[in-house]
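Right, one structure below, let's go through it.
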Ligand code: HEC
């Protein structure tokens with residue numbers, strides 16, 4: 001789990017720098033940060049980039065649905081069910097499930113992946129896999145694998161700078177685990 005969190009750190013850091021207009025001189029190298037700082041930084045990055053919007057199941061809060069703290073980043077719940085949809089509408093519409101962990105559109109149905117440190121998440125991924133996944137939109141970051149489906153915004157993440165992997169950041173992956181990514 002520790003290893004995965006480290007990998008995730010790197011990946012999130014990359015994204016942060018891709019999305020941030022912060023000048024290069026403000027970057028802090030990983031070596032200069034304690035583990036606690038990296039975790040805090042990663043939590044911050046995941047939150048502001050919005051990975052939870054799609055990758056975390058929701059619970060009802062005072063302002064409506066909010067990421068369920070017990071299932072953060074665990075993706076589309078394995079025991080959820082989707083309502084029937086009139087596919088003739090999908091030529092001109094894309095729809096989300098109520099908790100935003102599944103989406104349907106002209107491409108078919110996509111299910112937000114489990115990004116936890118569980119083996120069924122990204123716990124067994126290498127750093128290179130994660131970076132390839134984010135940069136090239138490759139499923140599981142493997143050479144020759146299928147392209148990632150919408151609405152995963154990987155083309156945005158693909159603009160990450162090369163120096164970003166050395167930057168700080170660590171995602172606090174949820175530990176829900178045990179979910180499979182289901183794809184059509
Ligand atoms: C707008 C919704 C959305 C947002 C925001 C989003 N994702 Fe995704 N993501 C998805 C969907 C849907 C998939 C599944 C795509 C597929 O299977 O083709 C996915 C797939 C992935 C995968 C690939 C998993 C695999 O098994 O190959 C990774 C890794 C990932 N997302 C990481 C992230 C991270 C990290 C963030 C935040 C920085 C993020 N995503 C933000 C919707 C989103």
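Could you check, for the range 27-36, whether at least one of its residues is modelled with pLDDT of 60 or more and in contact with a strand residue (DSSP E or B) (Cβ under 8 Å, 6 or more places away or on another chain)?
Within the range 27-36 (the criterion being modelled with pLDDT of 60 or more and in contact with a strand residue (DSSP E or B) (Cβ under 8 Å, 6 or more places away or on another chain)), the answer is no, since none of the residues qualifies.
Just checking, which of 142, 124, 149 is within 7 Å of the ligand (Cβ to nearest atom), surrounded by fewer than 20 Cβ atoms within 10 Å (Cβ to Cβ) and more than 20 Å from residue 58 (Cβ to Cβ)? Spell out how you get there, then give the answer.
Numbers: 142 fails: within 7 Å of the ligand (Cβ to nearest atom); 124 fails: within 7 Å of the ligand (Cβ to nearest atom).
Result of the check over 142, 124, 149: 149.
The values are calculated or read from the model by the stated rules, or taken from the named source; none is laboratory data. Keep in mind the model is a prediction, meaning the values are calculated, not measured. All Cβ positions, even for glycine, are placed from backbone atoms using ideal geometry, and neighbour counts span all protein chains on display.
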